[in-house]
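Novice: The structure is given below, and queries will be raised subsequently.
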Amino acid sequence: MKGTRKTIFLGAIAALAIAGGLAWWQVALPGPLAFAGGRQVDLATYRGRSPTGVPSELASADPLTKGRYLTEAADCQACHTAKGGKPFAGGRAFKLPFGTIYTPNITPDRETGIGAWSDAEFVRAVHKGIGRDGQRLYPAFPYASYAMLTDDDVLAIRRYLASLAPVRQANLPNTFSFPFNQRWLMAIWGALFNREPVFRPVADRDAQWNRGAYLVEAAGHCGECHTPRTLMQAMNTRQKFAGGAAEGWNAYNITGDQVSGIGAWSSDDLVSYLARGHAPQRGVASGPMAEVVALSTGRLTPSDVAAIAAYLRTIPSIRSSGLPAMAGPANPVASQGPTGNPHGKRVFEQACVSCHAWSGKGAVSPFQQLTGIRAVNDRTGTNVALMVLNGGGSAHSPGPYMPAFHAAYSDAEIAAVANYVTARFGTQASNLTAASVRELREQ
């Protein structure tokens, strides 16, 4: 009997130790710049050009111009604008596994926006995720990244937002189920995962690298989409930039991995993609990333885009197992493609081949290339299907454009053509169904 009690006791201790270890593993995550090594210093003691604020090209600009630039660097408009809605008036829906969250109105309307907020209240919301009334904000608002913005930069954004025309538009209630609708739980989340101080540059790195780090980690909050999440919905920085998700789209690996990441991209490739939404032989920005280019990175100065590219090229390589090497060239003869999917081939011939060609090289423009593109070489086929559904760009602009086909084809037809595209031009055919496309429509 005594031996049994001892065994139970030791088993309980072992179970507690394992549970504690797992909890520690979930919480004790590396900081955003931990990979870089070196010595981080306070901004006040950093000897190089300050990595914060606006670039040197705008050093003499007026305060509103500076504020607008930083607002664009922080990509505020994309999230705080509903599809077809007024800029910054909120109402954009983000569908999460536990409900839908709607972004708030951040125009200077005093009743429905932030016109009545004080500067201190605005800074607290951006840095700590606490609203004007003390209500905790959900980390769909990336305050864990914005915490690294300086007070001066946050207040510059505040001044610019205050200069906009107020829009009277009430905020929509979230639809989270219990216990996710208990906002007080976000206080615990913030204590665990919103612990980063204001950005601290790495003294051993040059000014361009530190500027890129500030733009990527703080203002641009790239990791919020491109880093996988832990069970507690924090960014898993042990898998930094190894790929995540954004509004149903796959946000791909942007580490230095040569196969599944951007390790094979040149600096010019990255600059072109971030500034124009297209890099030759690399593909076109689509979905949420297209919005990032249109409303944020495409509006930055060349020096800032180059700084982002320089920083990204130093991210350690992490291989994503689900992303194989790119397929080679496709056969330009229509009859030489994949067999067994006649419905997909029929839709491709009807709607796609006139622009993309049977070779996938693009019939008219390099924007139309399908070969060598990550989305086409993603065995899930998710981004291909979403692109067919939603299209991208504008027919009235010189950049990449593709019409939406959500109204022209059924779920089954879109699944078939996405599977055909990944089979013909990618490494492995996807296996989308009508049901999976139906879910993507609802994103």
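Novice: Hey, any hits in segment 79-89 for a residue that's out of contact with any Leu (no Cβ under 9 Å at 6 or more places or on another chain) and within 14 Å of Ala162 (Cβ to Cβ)?
Specialist: no
Novice: Here is a check on your reading of the model: is Val123 free of Cβ contacts under 8 Å to residues at least 40 places away in the same chain, assigned to a helix (DSSP H, G or I) and in contact with a His (Cβ under 9 Å, 6 or more places away or on another chain)?
Specialist: On the way: free of Cβ contacts under 8 Å to residues at least 40 places away in the same chain: yes; assigned to a helix (DSSP H, G or I): yes; in contact with a His (Cβ under 9 Å, 6 or more places away or on another chain): no.
No.
Novice: Grab the helices (runs of 4 or more DSSP H) fully contained in segment 250-342, keeping just those with 1 or more residues being assigned by TED's automatic domain parsing to the domain that holds Leu389, modelled with pLDDT under 95 and under 24 Å from Cys76 (Cβ atoms).
Specialist: On the way: elements: 267-276, 288-295, 302-312.
Helices (runs of 4 or more DSSP H) meeting the threshold: none at all.
Novice: Within segment 184-215, which residues are within 24 Å of Ile130 (Cα to Cα) and surrounded by 23 or more Cβ atoms within 10 Å (Cβ to Cβ)?
Specialist: Listed by number, the residues that qualify are Phe199, Tyr214, Leu215.
Novice: If you take the residues of segment 249-264 that are crowded, with 20+ Cβ neighbours inside 10 Å, in contact (Cβ under 8 Å) with a residue 40 or more places away in the chain and not β-branched (Val, Ile, Thr), which of them is farthest from Tyr401 (Cα to Cα)?
Specialist: This residue is Asp257.
Novice: Of all the residues that make up segment 97-123, how many are at pLDDT below 95, under 22 Å from Gly220 (Cα atoms) and exposed (fewer than 15 other Cβ atoms within 10 Å of the Cβ)?
Specialist: So the count comes out to 0.
Novice: While we're looking at this one, here's another question. Just checking, which of Met148, Met186 is closer than 25 Å to Leu70 by Cα and not polar (S, T, N, Q)? Walk me through how you get there before you give the answer.
Specialist: On the way: Met186 fails: closer than 25 Å to Leu70 by Cα.
Only one candidate qualifies: Met148.
Novice: When segment 162-185 is examined, which residues are found to be out of contact with any Gly (no Cβ under 8 Å at 6 or more places or on another chain) and not in a loop (DSSP other than H, G, I, E, B)?
Specialist: The one that is out of contact with any Gly (no Cβ under 8 Å at 6 or more places or on another chain) and not in a loop (DSSP other than H, G, I, E, B): Leu185.
Novice: Among the residues of segment 418-443, which ones are more than 26 Å from the chain's Cα centre (by Cα) and either within 12 Å of Leu386 (Cβ to Cβ) or surrounded by 16 or more Cβ atoms within 10 Å (Cβ to Cβ) (or both)?
Specialist: Tyr420, Ala423, Arg424
Novice: In addition: Being touching a residue at least 24 places away in the same chain (Cβ under 8 Å) and buried (at least 18 other Cβ atoms within 10 Å of the Cβ) is the requirement here; does Arg168 meet it?
Specialist: It is false that Arg168 is touching a residue at least 24 places away in the same chain (Cβ under 8 Å) and buried (at least 18 other Cβ atoms within 10 Å of the Cβ).
Novice: Among helices (runs of 4 or more DSSP H) lying entirely in segment 1-95, which contain 3 or more residues that are surrounded by 14 or more Cβ atoms within 10 Å (Cβ to Cβ), modelled with pLDDT of 95 or more and in contact with a Gly (Cβ under 9 Å, 6 or more places away or on another chain)?
Specialist: Qualifying helices (runs of 4 or more DSSP H): 63-73.
The values are calculated or read from the model by the stated rules, or taken from the named source; none is laboratory data. Owing to the predicted nature of the structure, the values given are computational and were not obtained by experimental measurement. Counting neighbours? That spans all protein chains shown, and the Cβs are built from the backbone with ideal geometry, glycine included.
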